[in-house]
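Worksheet: one structure, shown below.
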Amino acid sequence: SGEEQPNTDIITLTRHVLSDQYKLGAAASGDLTLLLTAIQTTSKFIATNVRKARLINLVGLAGETNVQGEEQKKLDVLSNDIMINSLRASGKTAVLVSEELEEAVVIEDRFKGKYCVVFDPLDGSSNIDAGVNIGTIFGIYHIAPGSDGNISDVLRPGSEMVAAGYTMYGSSANLVLSTGNGVNGYTLDAALGEFILTHPNIKIPSRGKIYSFNEGNSMYFHPPVVNYLNSIKYPPAGKSPYSARYIGSMVADVHRTLLYGGIFGYPDDKKSKSGKLRLLYEAFPMAFLTEQAGGLATTGTKRILDIIPTSIHQRCPVFLGSRDDVQDVMRFFQETK
Ligand code: AHG
Ligand code: MN
Ligand code: MN
Ligand code: MN
């Protein structure tokens, strides 16, 4: 092993997406590449604000409540505004759905494009003030053939998304993206201001050793979930129990699950009848990425990406991660019927 040469051929996210576009030849207009450039910019902008938050009085509450009844943090509102402004100005979007806005935004004709973006501008709000990892989640649809771009273009199954991803604001900013052809991870080089390909072709291990649930809700959980959790905590003789890891930011918990394997779950229970996570801008993008990485994503009984949404803020139960682990939990749902 000789000395490593410095790398003079870095692959930026834009270069990587463009090379996919060139492979498609005339079929690709480049609009998705431009939209992804806008999204990258929002992630860099949000990342710098996250880093400065404590210094510029950006921690704490904004004073308003969102449509889910959650108190908005200042960073929730700021991140939402950053994304709306940038996505509208990109000229590539037709409909925007944000966790922080009750109604979908239909873009005026002057700026209208062919893509719809559903997003959670700031995921993991409860972790902001403690400096724990947070993120942004997004999913992208192309408007249906013949559509002028309206709400029906986002009330479609997640399997019809053309791309999905998230950016995690942690010790570094990591953007993880799928355009339907596997999953790639990029790390922000803050000096260059570019996301650099650092995690090509992410594949989830087929089985993991970690489970990630808010077990503080155990008294509300339904029997299949209780029984499944018992099975991994009290395994048969000779097998080791799973380790627990729960950050409480979906982005961070899913990121770890993609890289290390295991299972992330936010079930429906006796209190939260449909679970907590939102279908359009939390469950769908993460399910899309998980499947693209070779894993599974289910409500317990149904593939998440097959759900047809009826409203933009609806919730859904989520179990996702390593194929074998998710199949185990599905078996408990079948057996306990
Ligand atoms: P958000 O901060 O965007 O409202 O999302 C919070 C979500 C998600 O990030 C996380 O997985 C989950 O809420 C945690 O919920 P609990 O605090 O109930 O465990
Ligand atoms: Mn919220
Ligand atoms: Mn969220
Ligand atoms: Mn959020």
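Values for this structure:
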quantity: Of all residues in the range 111-144 being without any contact (Cβ under 8 Å) to a residue 24 or more places away in the chain and part of a helix (DSSP H, G or I), the one that is farthest from Gly170 (Cα to Cα); calculated: Phe111
quantity: Strands (runs of 3 or more DSSP E) completely within the range 164-211 that count 1 or more residues being of a type outside the set (Gly, Ala, Ser), modelled with pLDDT of 95 or more and surrounded by fewer than 18 Cβ atoms within 10 Å (Cβ to Cβ); calculated: 184-189, 194-199
quantity: Residue list for the range 155-198, filter: on the phi > 0 side of the Ramachandran plot and out of contact with any Phe, Trp or Tyr (no Cβ under 9 Å at 6 or more places or on another chain); calculated: Gly182, Gly193
quantity: Checklist (1) under 22 Å from Arg156 (Cα atoms); (2) crowded, with 17+ Cβ neighbours inside 10 Å applied to Ile308, failing item; calculated: (2)
quantity: So Glu103, is it out of contact with any Asp or Glu (no Cβ under 7 Å at 6 or more places or on another chain), at pLDDT 95 or above, of a type in the set (Asp, Glu) and more than 23 Å from Gly185 (Cα to Cα); calculated: yes
quantity: Pro267, sole failed condition from (1) over 30 Å from Asp20 (Cβ atoms); (2) of a type outside the set (A, V, I, L, M, F, W, C); (3) without any contact (Cβ under 8 Å) to a residue 60 or more places away in the chain; (4) surrounded by fewer than 21 Cβ atoms within 10 Å (Cβ to Cβ); calculated: (4)
quantity: Selection within the range 54-90 - free of Cβ contacts under 8 Å to residues at least 24 places away in the same chain, away from ligand 4 (no atom under 14 Å from the Cβ) and small (Gly, Ala, Ser); calculated: Gly63
quantity: Unique residue being modelled with pLDDT of 95 or more and surrounded by fewer than 18 Cβ atoms within 10 Å (Cβ to Cβ) when the list is Ala89, Ala47; calculated: Ala89
quantity: Residues of the range 127-156 that turn out to be farther than 29 Å from Asp189 by Cβ and exposed (fewer than 15 other Cβ atoms within 10 Å of the Cβ), as a count; calculated: 7
quantity: Answer residue from the range 55-80, given it is more than 16 Å from ligand 3 (Cβ to nearest atom) and of a type in the set (Val, Ile, Thr) and is nearest to Glu103 (Cα to Cα) among those; calculated: Val59
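So that you can scan it fast, the table gives a plain yes or no per residue for (1) at negative phi; (2) within 16 Å of ligand 3 (Cβ to nearest atom):
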position	(1), (2)
Ile107	yes, no
Phe111	yes, no
Asp120	yes, yes
Gly124	no, yes
Asn127	yes, yes
Ala144	yes, no
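The values are calculated or read from the model by the stated rules, or taken from the named source; none is laboratory data. What you see is a predicted model; the values in this text were computed from it and never measured. Positions of Cβ are generated from backbone atoms using ideal geometry, with glycine treated the same way; all protein chains shown enter the neighbour counts.
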